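Laboratory data are not the source of any read-out in this text; all were calculated from the coordinates shown. It should be emphasised that the depicted structure is a prediction, and the values quoted were computed from it without experimental measurement. Cβ coordinates were reconstructed from backbone atoms using ideal geometry, including for glycine residues, and neighbour counts include every protein chain displayed.
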Amino acid sequence: MTRNASPSSSQIADHVALRLEREGDALARAWNASLPVRHLVLDDLLPPDWASAIASAFPAPERLRKYDSLKERKSIGVDMDAYDPVLKDVTFALQSPRVLRAVEKITGIRQLNPDANLYSSGLSSMEEGDFLNPHIDNSGNPLLGQYRRINALYYVTPGWEAARGGNLELWDARRENPVRIEPRFNRLVLMNTNRTSYHSVNPIRGANGRTRNCVSNYYFSPESPEGFDYFHVTSFRGRPEQPVRDAWLRFDAWARGVYRAFRPRKPEDVKHRYTGK
């Protein structure tokens, strides 16, 4: 793939923003009617050749940072200057002001802001056996001093089948009755984040050497989603069939929360961040 075969960041941003603007009323209705976590799904986000160029450029998992614990198993990366430029272009296109203004109008969430440092976002790749247990994301961004409000997840694995797993699961506050969203190729999912927005990725089985790839962005706002100030760390839970793991993860979240209450994370403490230009 040559650079000339790939769209520019501004082309991607304009295309996404136009889709959101044109379909805004229908997307707003879908957002407001969605349960148990506010969300919407937009398929065929980009022209097929653009989406294929992005998929082809995705780095192998061994070029990313591996996370492996009882909470999660995945590979992530934010070193955009080390990857094909089209990956940086699509990531920051989804942070463009026009895209965020369209998302504000659809969701009703005001003052959404991007994060050029890609705190907790960037590239995500999952392979055989990888998973993400039910969790709520950390309440805010120490680099911006703002609340996390929206997860924007763009899936770029051609031909991925739901039977392989890797489905996004949205749970109610009791971690019951999940809604499952397939990570279909060229699909954008926007989901709300707050104190009860439990979500997970079910384990990948039968991937046969393939990876589930996602470009992830998070949008932030100075306004609390609850109308009052609060703080919590990323808090994992066990799946319903994992009571022992659930007990351990609840203790882990409590302990980390107490630690952070006494020692708030400073910007210089954040390791997962993009420092390029």
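For the stretch 138-234, what is one quarter of the convex hull surface built on the Cα atoms, given in nm²?
Averaging across all directions leaves 7.0 nm² for the Cα convex hull.
I'd like the distance separating the alpha-carbon centroids of the stretch 213-238 and the stretch 249-277, in whole Å.
One Cα centre to the other: 13 Å.
Take the Cα coordinates of the chain, assign each an equal point scatterer, and use the Debye formula without solvent to give log10 I(q)/I(0) at q = 0.09, 0.14, 0.16 Å⁻¹.
-0.39, -1.03, -1.41
Below 10 angstrom from the Cβ of LEU64, what's the summed charge of the other residues (Lys, Arg +1; Asp, Glu -1)?
+2
Ranking request for peptides 148-154, 256-262, 35-41: highest mean number of other beta-carbon atoms within 10 Å first, then the rest in descending order.
Order by mean packing, descending: 148-154, 35-41, 256-262.
Mind ranking 82-91, 8-17 by how tightly packed they are, going by the mean number of other C-beta atoms within 10 angstrom, highest first?
On the way: 82-91: 20.7, 8-17: 18.3.
Packing order, densest peptide first, comes out as 82-91, 8-17.
Given a cut-off of under 8 Å on Cα pairs at least six residues apart, what relative contact order in percent is computed for the stretch 3-269?
Relative contact order of the stretch 3-269: 23 percent.
Quick one: what are the phi-derived ³J(HN,Hα) couplings along the stretch 166-173, Karplus 6.51/-1.76/1.60 with θ = phi - 60°, whole Hz, x for glycine and proline?
Per-residue couplings from phi come out as x, 7, 6, 10, 10, 10, 7, 4 Hz.
Based only on the alpha carbon positions, what is the Kirkwood hydrodynamic radius of the stretch 65-198, in angstrom?
Result for the stretch 65-198, one decimal place: 16.3 Å.
Could you quote the convex hull projected area for the stretch 6-62, Cα atoms only and averaged over all directions, in nm²?
Details: hull surface 22.0 nm².
Answer in nm², one decimal: 5.5.
If you place +1 on the Cβ of every Lys and Arg and -1 on the Cβ of every Asp and Glu, how big does the dipole about the Cα centre of the chain come out, in debye to the nearest 20?
In debye, rounded to 20, the chain gives about 560.
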